[in-house]
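Readers should treat all values here as calculations from the given coordinates under stated rules, not as data from a laboratory. These numbers come from a predicted model, not from an experiment. Here the Cβ positions follow ideal geometry from the backbone for every residue, glycine too, while neighbour counts run over all protein chains shown.
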Amino acid sequence: MKQAINEMPQLDGKPKRRWVTYSLRQLLALVAVAAVACSWFGVKMQQARRQKAAVEAIRDLGGHVRYHYEYVKSRDWEGYDPDARPPGPSWFLNFVGVDFLSDVRRVELTGPRVTDAHVEHVSGLTRLKELKLSDTQISDGGLAQLKKLTDLEMQAGASRPFASGKS
């Protein structure tokens with residue numbers, strides 16, 4: 001009598017089945033998919049850490065930061081909603097942070113403490129849409145660092161004329 005391939009010898013009168021088996025090709029494909037997913041997650045975490053550091057530096061200067069999720073757009077109204085909640089489940093936000101799932105949309109910097117050296121923090125926010133500067137010590141050289149922010153619309157206070165990052 002031949003036993004079925006998937007059956008082990010009987011113990012206690014019941015046949016025992018083997019665990020599911022995989023071929024080497026299937027395991028290599030699974031490892032490749034897992035490696036791509038982990039590398040994407042690692043890159044995204046690094047971007048989130050950089051954004052978080054920039055946000056903390058801006059807030060240390062007394063600046064204000066608004067994220068994309070804080071802006072609500074409907075048929076009748078578009079604007080800032082201070083009660084907006086970050087996207088994603090709270091357990092995931094606690095694990096990765098708000099900067100993982102949300103981009104900074106608006107930054108406001110005011111005062112003479114803000115100089116060209118601080119523009120580096122803002123230039124790292126690649127998805128920034130709005131930048132408001134008022135009474136800062138930022139020169140034209142400092143503003144040149146913002147050229148890579150192609151979606152940026154910049155508003156300046158009395159010490160600087162209005163400029164736009166769009167060409």
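Grab the other residues whose beta carbon is less than 15 angstrom from that of PRO87, score K and R as +1, D and E as -1, and report the net.
Net local charge, PRO87 excluded: +1.
Counting only the backbone N, which residues of segment 28-46 are under 19 Å from the spot 7 Å out from the Cα of TRP19 toward its beta-carbon?
28-32, 34
Label 7 Å along Cα→Cβ of ALA53; segment 97-132 residues with amide nitrogen under 12 Å?
Only 121, 124 fall inside the zone, counting backbone N under 12 Å.
What ranking do LEU133, LEU27 get, fewest neighbouring Cβ atoms within 10 angstrom at the top?
Result, fewest neighbours first: LEU27, LEU133.
To make sure I understand the rule: partners must be aspartates and glutamates, Cα under 12 Å from the Cα of LYS129, and not fewer than 8 residues away in the same chain. Which ones qualify?
Cross-link targets: ASP103, GLU108, ASP151, GLU153.
Pull out a ≥ b ≥ c, the square roots of the eigenvalues of the alpha-carbon gyration tensor of segment 24-164, then state rounded if a/c is under 1.5, prolate if not and a/b is larger than b/c, and oblate in the remaining case.
Note, shape of segment 24-164 comes out prolate.
If you take the charge dipole of segment 24-164 about its Cα centre, with +1 on Lys and Arg Cβ and -1 on Asp and Glu Cβ, which of ALA57, LEU131, PHE92 is farthest toward its positive end?
In segment 24-164, that residue is PHE92.
Under a Cβ-Cβ cut-off of 12 Å, what is the net charge of the residues other than ARG59 that fall near it, where Lys and Arg count +1 and Asp and Glu count -1?
-1
Take every DSSP beta bridge with both residues inside segment 24-164 and express the antiparallel ones as a percent of the total, to the nearest 5.
If I count the DSSP bridges inside segment 24-164, around 45 percent turn out antiparallel.
Around THR110, what is the net charge, scoring Lys/Arg as +1 and Asp/Glu as -1 over all other residues with Cβ under 11 Å from its Cβ?
The answer is 0.
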